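Reviewing the structure listed below.
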Amino acid sequence: MVAVNPFRHGALLAAGLALMALSACGGKTSVSSVPPEYHARQDGVHEIPTVNPAYLTARNKRQWVHYNGPEEPGTIVVDPYARVLYHVVEPGKAMRMGVAVGKAGKGFAGDAVIRRKREYPNWTPTANMIKDDPDLYGPLSKGLPGGLDNPLGARALYLYQGNRDTYYRIHGTMDPGSIGKATSAGCIRLFNQDIIDMYEEVPVNTPVHVRSYAESLELEGPMVELHTGYVVPASDTKAIEADRKAYEAGLITDQATLEAQQHAAAVASAEERERLLAGPN
């Protein structure tokens with residue numbers, strides 16, 4: 001059994017137009033195979049695009065599920081290892097959504113509450129992000145205004161313990177293809193449609209529990225990361241074998257190659273954005 005490496009794969013948290021252009025290069029998305037909740041929608045001055053059906057895997061689509069955790073109704077539960085989020089609505093019942101998880105998404109476990117909510121929040125890379133990847137984040141050191149080309153996407157929920165900001169965020173994304181995968185930066189991302197609806201449903205002071213790895217193993221069981229970057233339960237041998245055969249047949253792009261391509265495109269976009277913001281000399 002292949003163990004999940006949470007930091008190896010996934011699309012980068014890119015700030016700029018590059019990933020948006022990459023995801024749009026296939027033309028308009030047919031809505032015939034997309035659930036209504038993931039259709040395009042007008043959100044103020046922004047139009048949220050239809051989610052590509054290729055991204056709506058069984059684990060990514062929101063769905064009602066039986067919930068076997070101990071949390072009370074009204075709680076949001078984040079499992080960064082199984083890459084799912086639960087909104088517990090009644091005993092034994094929850095709405096489950098797929099999430100993308102960045103490095104910061106595994107930097108906190110335990111209980112917190114939502115103290116702030118923001119629509120189309122601004123975003124600024126941290127000092128550590130700039131230090132770790134100056135080519136990508138250096139040009140963006142002054143931050144980005146809110147919008148669909150912003151890494152926080154359409155909405156953000158900010159988690160606190162008491163009056164202390166945990167710097168843990170549940171937010172939207174500019175890169176819907178990352179949902180269900182590990183990413184190099186950021187916290188917990190959802191499809192913009194999912195975070196918009198959750199934003200309306202959960203008030204300030206909503207409790208949030210972020211599972212530890214031990215809790216995830218106990219409640220979800222061991223997970224296996226596929227060559228596609230998604231995870232499935234280790235018991236899903238059919239999916240694991242199909243993924244192996246597809247990879248060996250060359251039908252799945254190597255994730256390291258894909259990540260390098262995305263990084264190069266994101267760096268170019270960040271440099272172009274810096275040039276445009278600077279204006280003419």
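What is the residue count in the stretch 86-117 for residues that are more than 13 Å from P207 (Cβ to Cβ), in a strand (DSSP E or B) and of a type outside the set (A, V, I, L, M, F, W, C)? Quick ask: steps written out before the conclusion?
Keep residues of the stretch 86-117 that are more than 13 Å from P207 (Cβ to Cβ), which gives 89-109, 116-117.
Those left that are additionally in a strand (DSSP E or B): 89-90, 93-98, 100-101, 116-117.
Imposing the further condition that a residue be of a type outside the set (A, V, I, L, M, F, W, C) reduces the set to 90, 93, 96, 98, 116-117.
The number of residues fulfilling the criteria is 6.
Would you mention how many residues in the stretch 224-241 are in a helix (DSSP H, G or I) and closer than 23 Å to P176 by Cβ?
From the stretch 224-241, those in a helix (DSSP H, G or I) are 237-241; that's our starting set.
With the extra rule that they be closer than 23 Å to P176 by Cβ, the set shrinks to 239.
Residues that pass the stated criteria total 1.
Rundown of residues vs (1) touching a strand residue (DSSP E or B) at 6+ places or on another chain (Cβ under 8 Å); (2) without any contact (Cβ under 8 Å) to a residue 12 or more places away in the chain; (3) of a type in the set (K, R); (4) crowded, with 22+ Cβ neighbours inside 10 Å, yes/no style:
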| site | (1), (2), (3), (4) |
| --- | --- |
| I188 | yes, no, no, yes |
| H209 | yes, no, no, no |
| A214 | no, yes, no, no |
| T228 | no, no, no, no |
| Y247 | no, no, no, no |
| L251 | no, yes, no, no |
| T257 | no, yes, no, no |
| Q261 | no, yes, no, no |
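Within the stretch 118-135, which residues are surrounded by fewer than 18 Cβ atoms within 10 Å (Cβ to Cβ) and assigned to a helix (DSSP H, G or I)? Talk me through it step by step, then tell me what you get.
First, pick out the residues of the stretch 118-135 that are surrounded by fewer than 18 Cβ atoms within 10 Å (Cβ to Cβ): 118-119, 122, 124, 126-128, 130-132, 134-135.
The answer is A127, N128, I130, K131, D132, P134, D135.
Exactly one condition in (1) within 22 Å of F108 (Cβ to Cβ); (2) modelled with pLDDT under 95 is false for G147; which is it?
That leaves (1) as the condition not met.
Being surrounded by fewer than 16 Cβ atoms within 10 Å (Cβ to Cβ) and without any contact (Cβ under 8 Å) to a residue 40 or more places away in the chain narrows it down to one residue among G146, G172, G162; which is it? Show your work before the answer.
Working: G146 fails: surrounded by fewer than 16 Cβ atoms within 10 Å (Cβ to Cβ); G172 fails: surrounded by fewer than 16 Cβ atoms within 10 Å (Cβ to Cβ).
On inspection, the qualifying residue turns out to be G162.
With respect to G180, determine if the residue is closer than 26 Å to Y230 by Cα and part of a loop (DSSP other than H, G, I, E, B).
Values: closer than 26 Å to Y230 by Cα: yes; part of a loop (DSSP other than H, G, I, E, B): yes.
Here the answer is yes, as G180 does meet what is asked.
Pick out the one residue from S269, S212 that is at pLDDT below 95, closer than 30 Å to K117 by Cα and among the hydroxyl-bearing types (S, T, Y). Write out each step before concluding.
Working: S212 fails: at pLDDT below 95.
The unique qualifying residue is S269.
Name the one entry in V89, V99 that is crowded, with 22+ Cβ neighbours inside 10 Å and within 26 Å of N60 (Cβ to Cβ). If you could, list the steps in order and put the result at the bottom.
Working: V89 fails: crowded, with 22+ Cβ neighbours inside 10 Å.
That would be V99, the only listed residue that is crowded, with 22+ Cβ neighbours inside 10 Å and within 26 Å of N60 (Cβ to Cβ).
Tally the residues that are part of a strand (DSSP E or B) and out of contact with any His (no Cβ under 6 Å at 6 or more places or on another chain), restricting the search to the stretch 49-85.
Looking only at the stretch 49-85, we keep the residues that are part of a strand (DSSP E or B), and these are 63-66, 76-79, 84-85.
Those left that are additionally out of contact with any His (no Cβ under 6 Å at 6 or more places or on another chain): 63-66, 78-79, 84-85.
Of the residues in the stretch 49-85, 8 are part of a strand (DSSP E or B) and out of contact with any His (no Cβ under 6 Å at 6 or more places or on another chain).
With E259, E218 as the choices, which residue is modelled with pLDDT under 95 and acidic (D, E)?
Details: E218 fails: modelled with pLDDT under 95.
Of the residues listed, the single one that is modelled with pLDDT under 95 and acidic (D, E) is E259.
Please work out which one of (1) under 17 Å from the mean Cα position of the chain (by Cα); (2) modelled with pLDDT of 90 or more is the condition R115 fails and give its number.
Condition (1) is where R115 drops out.
Quickly run through the stretch 198-243 and pick out the residues that are acidic (D, E), under 21 Å from the mean Cα position of the chain (by Cα) and farther than 30 Å from D165 by Cα.
Taking the stretch 198-243 and keeping what is acidic (D, E), we get 200-201, 215, 218, 220, 225, 236, 241, 243.
Next, from what is left, pick out any that are under 21 Å from the mean Cα position of the chain (by Cα): 200-201, 215, 220, 225.
Within the stretch 198-243, E225 is the sole residue that qualifies.
The values are calculated or read from the model by the stated rules, or taken from the named source; none is laboratory data. Because the structure is predicted, anything quoted here is derived from the model rather than measured. Virtual Cβ from ideal backbone geometry, glycine too; neighbours counted across all protein chains shown.
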